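> Provided herewith is a single structure, encoded as structure tokens, for subsequent inquiry.
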Amino acid sequence: MGLLVLVLGLVLFLGAHSVRIVSEPTRAAFVARRGEQPWKGVVTVLSLAGFALLVWGYGLARQQPVVLWSPPRGMNHLAALLMAFSFVLLTAAYVPGNAIKARLHHPMVLGVKVWALAHLVANGTLADVVLFGAFLAWAVLDFRAARQRDRAQGTVYAPGRAGPTVVAVVVGLVAYGVFVKWLHAWLIGVSPLGL
């Protein structure tokens, strides 16, 4: 039951975020007819419903885990290191003028990639593979599609500056520290690294 709910949630959540990957003209036609805000409204509703289902389904699946493998010793430390990079990338998506975004162009999607990979190497249940594998596959395809759009539209990213880059790194690492120390256990029910 839990795995089915998880998959349904992933279909809704990632599906809502995949239209630009599989059919940019569909989104463009909708926006041209009805406007940007209605499009965002549809995506938001589907995303929230999908997110609620995937959280619920993952929680149910964790109650009766199907273990596919036991990650080797030290994988949780590798995951912790990768997550530090993920938080910096996610933060860089929102700090204007930083060199990380100027160089990588889509740090949010790269942050999701690193987040998913980190959790795949540290977890070996079927629910983990389904959840984080789906996000990793989505992020790979979304990053590719975003880079193709950039090339097609001739998008030029302004060069980054040192100040905003430092802000992105520091804020990302502080957010990471807070999440590892307090929020992960509170939100997910598991304390990374046994903290």
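> Is it the case that residue 93 is within 23 Å of residue 177 (Cβ to Cβ), of a type in the set (A, V, I, L, M, F, W, C) and over 11 Å from the mean Cα position of the chain (by Cα)?
Spelling it out, residue 93 is indeed within 23 Å of residue 177 (Cβ to Cβ), of a type in the set (A, V, I, L, M, F, W, C) and over 11 Å from the mean Cα position of the chain (by Cα).
> Would you check if there is a residue in segment 110-129 being more than 26 Å from residue 5 (Cα to Cα), in a helix (DSSP H, G or I) and assigned by TED's automatic domain parsing to the domain that holds residue 191?
Checked against the condition, which is being more than 26 Å from residue 5 (Cα to Cα), in a helix (DSSP H, G or I) and assigned by TED's automatic domain parsing to the domain that holds residue 191, segment 110-129 yields at least one hit.
> Return a yes/no flag: does segment 62-83 have any residue that is out of contact with any strand residue (DSSP E or B) (no Cβ under 8 Å at 6 or more places or on another chain), assigned to a helix (DSSP H, G or I) and either over 29 Å from residue 171 (Cα atoms) or not assigned by TED's automatic domain parsing to the domain that holds residue 131 (or both).
Residues of segment 62-83 that are out of contact with any strand residue (DSSP E or B) (no Cβ under 8 Å at 6 or more places or on another chain), as a first pass: 63-64, 69-83.
Filter again for assigned to a helix (DSSP H, G or I), leaving 63, 75-83.
Keeping just the survivors that are either over 29 Å from residue 171 (Cα atoms) or not assigned by TED's automatic domain parsing to the domain that holds residue 131 (or both) gives 63.
Yes: one or more hits.
> Of the conditions (1) under 30 Å from residue 167 (Cα atoms); (2) among the aromatic types (Phe, Trp, Tyr); (3) out of contact with any helix residue (DSSP H, G or I) (no Cβ under 6 Å at 6 or more places or on another chain), residue 69 fails just one. Which one is it?
Result: residue 69 passes all but (1).
> Evaluate the following for residue 93: is it among the small types (Gly, Ala, Ser) and under 20 Å from residue 21 (Cβ atoms)?
For residue 93, the condition - among the small types (Gly, Ala, Ser) and under 20 Å from residue 21 (Cβ atoms) - is met.
> Going by the conditions given, is residue 90 in a helix (DSSP H, G or I), of a type in the set (A, V, I, L, M, F, W, C) and surrounded by 14 or more Cβ atoms within 10 Å (Cβ to Cβ)? Walk me through it before giving the result.
Working: in a helix (DSSP H, G or I): yes; of a type in the set (A, V, I, L, M, F, W, C): yes; surrounded by 14 or more Cβ atoms within 10 Å (Cβ to Cβ): yes.
In short, yes.
> Would you mind stating whether residue 133 is closer than 26 Å to residue 50 by Cα and at pLDDT below 90? Walk me through it before giving the result.
Working: closer than 26 Å to residue 50 by Cα: yes; at pLDDT below 90: no.
No.
> Quick one: in segment 141-169, which of the residues that are farther than 30 Å from residue 18 by Cβ and out of contact with any helix residue (DSSP H, G or I) (no Cβ under 9 Å at 6 or more places or on another chain) is surrounded by the most Cβ atoms within 10 Å (Cβ to Cβ)?
Out of the qualifying residues, it is 166.
The values are calculated or read from the model by the stated rules, or taken from the named source; none is laboratory data. Because the structure is predicted, anything quoted here is derived from the model rather than measured. For neighbour counting, all protein chains shown are included, and Cβ atoms are generated from backbone atoms with ideal geometry for every residue, glycine included.
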